[in-house]
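First up is the structure itself, then whatever we jot down about it.
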Amino acid sequence: MTASAPLAARGISDRVSRFTESVIREMTRLAMEHNAINLAQGFPDFPAPDFIKEAAIRAIRGDVNQYAVTWGDPELRQAIAAKYQRWYGLDLDPNRHVTVCCGATEAMISVLMAVLNPGDETVIFEPFYENYGPDTILSGAVPRFVPLRFSSSGWHFDRAELAAAFNSRTRAIIINSPNNPTGKVFSRGELECIRDLCLQWDCLAITDEIYEHILYEGRRHIPLAGLEGMAERTITISGISKTFSVTGWRIGWALAPERLAGGIRKVHDFLTVGAPAPLQLAAAQAMNQGDEYCRGLAGEYAARRDRLVPQLQACGLACAPPEGAYYVMADVAPFLPRHGANGDEFARWLVREIGIATVPGASFYQSPEKGQFQIRFCYPKTASTLDAAALRLANLRP
Ligand code: GLN
């Protein structure tokens, strides 16, 4: 097609035509349309803590209105480095390793575009957070999926199957622990197995740790970058969205070895110039003061989990209690075909007829049929929202 073809005849790029619209955001739109309780898109319906809001107000009143340094306000980069030292004993140089981005989402695409070449492969556990597939495609690389399988003891991968996914084209593995959508927390043994494969195949680990403070039953977060041999080959992504209940502020970061950080900063610069300046300052102050708050987070989310998960199980939606994060994948097979031919139709029925929005499991799989009997619920919601959802669920029978 030539550049002079009529506008209407010109289509979207081949690249973009290879992926679909985000189902998570579509379900939020459907929730609003049907006045349903939104247990689809994972964001809190309760306020952010006062100390972070006050810090943002101070920054705006203080006229922090112009671009921050592209790769992050120095105060925030310093606060991030200090936090990783305090919590995990990791040594980061704010000037060499830290890039502040517009949320972990932008950090992930910036990282992938900075490190992947066309034809490179990434290894991704499936089900996966829906961005990783399109992100890899936008970077010109080829994703290889390794299944996480559900059993009554949780979600597990087969080590031989994981090993078989690596080859000489593998450039990186993408890990998300605590995991969206399964609630899995990768054990130290599992992380060591991943580390050994990264060393064997000389590839990178890109680890999305956005739920790092939401782990249950006393589990402690283990950053992959802290495992022996991994500091030089791990890019750690996280942010304040989930920890401080400010998903709309769009403040996240990528922590990378110096040889990679320069590339990540270039992509980030040309994509967005920088993250919101006053909110970066607020993030810095929150991180400096927020340790006690962070320590309390898991207990609050455990209470929310324990409000929702038994209700799901009671109405016949089998699921494993999450070990971390704030999502649970439930098996809808007993409700089919009465309420739809698959999870996608069931989720659309559920939002329309019962008034609860969820995300069809298929959107977390490369081949939709693999997730056709699942839907994902999220629970970063107040007790009254979860109780209202429980009342609606009481009408549900297989
Ligand atoms: N991480 C959240 C989820 O999985 C929000 C995703 C989004 O809409 N950016 O629901």
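What number of residues within region 37-55 are within 19 Å of the chain's Cα centre (by Cα) and charged (D, E, K, R)?
Looking only at that region, the number is 1.
Checking the condition among the charged types (D, E, K, R) and more than 30 Å from TRP87 (Cα to Cα), which residue from ARG295, ARG304, ARG352 passes? Working first, answer last.
Details: ARG295 fails: more than 30 Å from TRP87 (Cα to Cα); ARG304 fails: more than 30 Å from TRP87 (Cα to Cα).
Testing whether each residue is among the charged types (D, E, K, R) and more than 30 Å from TRP87 (Cα to Cα) leaves just ARG352.
On the given criteria, is ASP306 under 30 Å from LEU393 (Cβ atoms) and assigned to a helix (DSSP H, G or I)? Outline the logic, then answer.
Details: under 30 Å from LEU393 (Cβ atoms): yes; assigned to a helix (DSSP H, G or I): yes.
When the stated conditions are applied, ASP306 passes them.
Checking LEU30 against (1) more than 29 Å from LEU297 (Cα to Cα); (2) aliphatic (A, V, I, L, M); (3) away from the ligand (no atom under 16 Å from the Cβ): exactly one of these is not met. Which one?
Of (1) more than 29 Å from LEU297 (Cα to Cα); (2) aliphatic (A, V, I, L, M); (3) away from the ligand (no atom under 16 Å from the Cβ), only one is false for LEU30: (3).
Of all residues in region 179-238, which are within 16 Å of the ligand (Cβ to nearest atom), part of a loop (DSSP other than H, G, I, E, B) and hydrophobic (A, V, I, L, M, F, W, C)?
Residues of region 179-238 within 16 Å of the ligand (Cβ to nearest atom): 179-184, 207-214, 237-238.
If we keep only those that are part of a loop (DSSP other than H, G, I, E, B) too, we end up with 179-184, 209-214.
ILE210, ILE214 - these are the residues of region 179-238 that are within 16 Å of the ligand (Cβ to nearest atom), part of a loop (DSSP other than H, G, I, E, B) and hydrophobic (A, V, I, L, M, F, W, C).
Considering only residues of region 33-43 that are assigned to a loop (DSSP other than H, G, I, E, B) and within 11 Å of the ligand (Cβ to nearest atom), which is nearest to ASP387 (Cα to Cα)? Even if it seems obvious, please write down each step before you answer.
We begin by selecting, within region 33-43, every residue assigned to a loop (DSSP other than H, G, I, E, B); these are 34-36, 39-43.
Next, from what is left, pick out any that are within 11 Å of the ligand (Cβ to nearest atom): 39-43.
Working: LEU39: 12, ALA40: 16, GLN41: 18, GLY42: 17, PHE43: 17 Å.
Going through the qualifying residues, I end up with LEU39.
Being away from the ligand (no atom under 16 Å from the Cβ) and without any contact (Cβ under 8 Å) to a residue 24 or more places away in the chain, is that true of even one residue in region 97-117?
Checked region 97-117: no residue is away from the ligand (no atom under 16 Å from the Cβ) and without any contact (Cβ under 8 Å) to a residue 24 or more places away in the chain.
Exactly one of these conditions fails for GLU130: (1) within 16 Å of the ligand (Cβ to nearest atom); (2) within 22 Å of SER13 (Cβ to Cβ); (3) part of a helix (DSSP H, G or I). Give me its number.
Here GLU130 meets the rest and fails (3).
For residues in region 47-60 being surrounded by 14 or more Cβ atoms within 10 Å (Cβ to Cβ) and in a loop (DSSP other than H, G, I, E, B), which is nearest to the ligand (Cβ to nearest atom)?
Of all residues in region 47-60, those surrounded by 14 or more Cβ atoms within 10 Å (Cβ to Cβ) come to 48-49, 51-53, 55-56, 58-60.
In the following step, the residues that additionally are in a loop (DSSP other than H, G, I, E, B) were identified as 48-49.
On the way: ALA48: 16, PRO49: 20 Å.
Applying the filter and picking the extreme gives ALA48.
Which of (1) under 26 Å from ILE240 (Cβ atoms); (2) small (Gly, Ala, Ser); (3) exposed (fewer than 15 other Cβ atoms within 10 Å of the Cβ) is the odd one out, the single condition ALA286 does not satisfy?
With (1) under 26 Å from ILE240 (Cβ atoms); (2) small (Gly, Ala, Ser); (3) exposed (fewer than 15 other Cβ atoms within 10 Å of the Cβ) applied to ALA286, the lone miss is (3).
Can you confirm whether VAL267 is surrounded by fewer than 17 Cβ atoms within 10 Å (Cβ to Cβ) and of a type in the set (Val, Ile, Thr)?
Values: surrounded by fewer than 17 Cβ atoms within 10 Å (Cβ to Cβ): no; of a type in the set (Val, Ile, Thr): yes.
Answer is no for this residue.
Values in this text are rule-based calculations from the coordinates and carry no lab data. As the structure is a computational prediction, the values presented were derived from the model and not from experiment. Cβ: placed from backbone, ideal geometry, glycine included. Neighbour counts: every protein chain shown.
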